[in-house]
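Before any comments, here is the structure.
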Amino acid sequence: MTKQFKICLLPGDGIGPEIIAESVKVLDAIGAKYDTKFDYEEALLGGIAIDETGSPYPEATQTCAHEADAVLLAAVGGPKWDSTDPTAPRPEQGLLGIRKDLGLYTNLRPVRTYRALADSSTLKPEVIDGVDLIIVRELTGGLYFGARERFYDELGSGANGTAGQRAYDTLEYREYEVERIARQAFEAARKRRGRVHSIDKANVLETSRMWREIVHRIHDEEYPDIELTDMLVDNTAMQLVANPRQFDVLVTENTFGDILSDEASMLTGSLGMLASASLGDGTALYEPSHGSAPDIAGQGIANPIAQILSAEMMLRYSFDMADAADDIAHAVEAVLDEGWRTGDLKQADTPADHVLGTAAMGDKIVAHL
Ligand code: NAD
């Protein structure tokens, strides 16, 4: 029987419409191969939504997102909507709005290196060869969401006991928040190579000691088939550049995850290759890690691969179509191995006739499917 999925498409601003069109091409090819029908509904988010409705996350988009099986987003923002007026609506409010509305407490950021692009990384090819990891970052709690304050302290927090400014941020987790992020990480590991590193700072932080206990309890009770290792966050920062191949899934607190995922993203050396997923308990959202690239918008030269790999993640994590997702990953790898590049991936020795535009790169990937 033909399977059917409803996808809410949010092209957004800048290069968004150009790159999302390529992921639709790829999805249609997958649909034909796997007897699956993808129904698309397009809606407005970000700058274009402000222009057309006055709101960065209009009601029609909220309905589209809630009724879909998954949301595929490109990117939002651009100089047109940059304003110093604090009351003016901003495209990023659309992003924050949809993440909050869908209750997306998990961010997944995969990092995979491609042999063909080894020269784009600042690390030695023998260090990054074969890296295939994913960072599972808790997204709605931790240090970024705890109580904070800044105040003038008459009691003497300045130098030599004189009055001065004082500020604090707090890191707080509730048991259920750690339980649900741990489950997301173990589920991701079951769809991958079955290994999880839980990253914390348990030698210093009480939240980390609780985090560690809860992650182990969920592991022992529900996921004993997964190999679980604890690692301190400072050691992880070092291990990511020293020996990144040891990792499969890393799960961590919001701030730690923010920093580690930016560090890990540089293993690949190219922003145009990085996809991401945000998951909650309902509809999930998939998007590239890069922005709307207004500097190259409308020219047909943007790299669509991060967007196409976002669709790959959607197949894997929302539609349980791991074989189809693997097909996309292999097609991307094959196209790069053959030497095809978009402008941002071009190397000094890339022949001019191997530099492709957005649509031509999409076509090459489809041809490999
Ligand atoms: P950016 O990621 O849009 O661009 C940074 C650089 O990388 C630019 O030179 C751009 O041309 C290039 N680039 C990015 N994606 C590319 C692709 N697919 N192919 C080829 N080259 C690519 O970041 P920025 O310039 O800091 O921000 C531009 C706008 O995007 C801003 O309005 C920002 O707020 C917004 N933004 C949105 C998101 C999002 O929607 N999630 C994320 C980051 C930035």
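What to note about this one:
- For the chain, the number of Lys pairs with C-alpha atoms closer than 17 Å, counting only pairs eight or more positions apart or on separate chains, is 9.
- Calculated over region 237-369, the projected area of the Cα convex hull averaged across directions stands at 9.9 nm².
- Using bins of 20 Å that start at zero, the share of Cα-Cα pairs per bin across the chain amounts to 27, 57, 15, 1, in whole %.
- Principal axis extents of the Cα atoms in region 86-198, from largest to smallest and rounded to whole angstrom, are 59, 37, 37.
- Relative contact order [Cα under 8 Å, 6+ residues apart], the chain, whole percent: 22
- Counting all C-alpha pairs of region 140-297, share separated by more than 18 Å (%): 67
- Gaussian network model of the chain, Cα within-10 Å springs - most flexible of Gly16, Gly54, Gly161: Gly161
- Gyration tensor (alpha-carbon) shape descriptor, region 27-159, a/c threshold 1.5: oblate
- Sorted largest first, extent of region 166-237 alpha carbons per principal axis (Å): 47, 26, 17
- Candidates Val136, Pro125, Ile48 compared by Cα position along the dipole of region 42-144: farthest toward the positive end lies Pro125, with charges placed on Cβ.
- Cα gyration tensor shape of region 279-336, rounded if a/c is under 1.5, else prolate or oblate by comparing a/b with b/c: oblate
- A cut-off under 12 angstrom between Cβ atoms defines the neighbours of Leu315, and their net charge, with Lys, Arg +1 and Asp, Glu -1, is -2.
- Sum of side-chain charges, Ser120 neighbourhood, beta-carbon under 12 Å (Lys, Arg +1; Asp, Glu -1): +1
- Proxy reagent accessibility, fewest Cβ within 10 Å first, across Leu171, Leu108: Leu171, Leu108
- Remark: spin-label model distance His330-Arg245 equals 2.2 nm, labels positioned 7 Å along the Cα→Cβ axis.
- Every Cα-Cα pair in region 302-369 was counted, and those over 14 Å apart are 57% of them.
- Cα-centred dipole magnitude for the chain, charges only on beta-carbon of K, R (+1) and D, E (-1), debye, nearest 20: 320
- Cleavage-rule hits, GluC sites (Glu not before Pro), region 95-180, DSSP coil, Cβ neighbours within 10 Å at most 11: Glu154
- Gyration tensor (alpha-carbon) shape descriptor, region 187-278, a/c threshold 1.5: oblate
- For region 20-67, alpha-carbon Rg and Dmax in angstrom: 13.8, 41
- Summing charges over neighbours of Asn235, with a neighbour being any other residue whose Cβ is under 11 Å away from its Cβ, gives -2 when K and R count +1 and D and E count -1.
- Using alpha-carbon coordinates, inclination of helix 358-368 to the longest axis of the chain, degrees: 80
- Over region 182-271, relative contact order from alpha-carbon pairs under 8 Å, at least 6 apart, %: 38
Bear in mind these aren't lab numbers, they're just calculated from the coordinates by the rules spelled out. Because the structure is predicted, anything quoted here is derived from the model rather than measured. Virtual Cβ from ideal backbone geometry, glycine too; neighbours counted across all protein chains shown.
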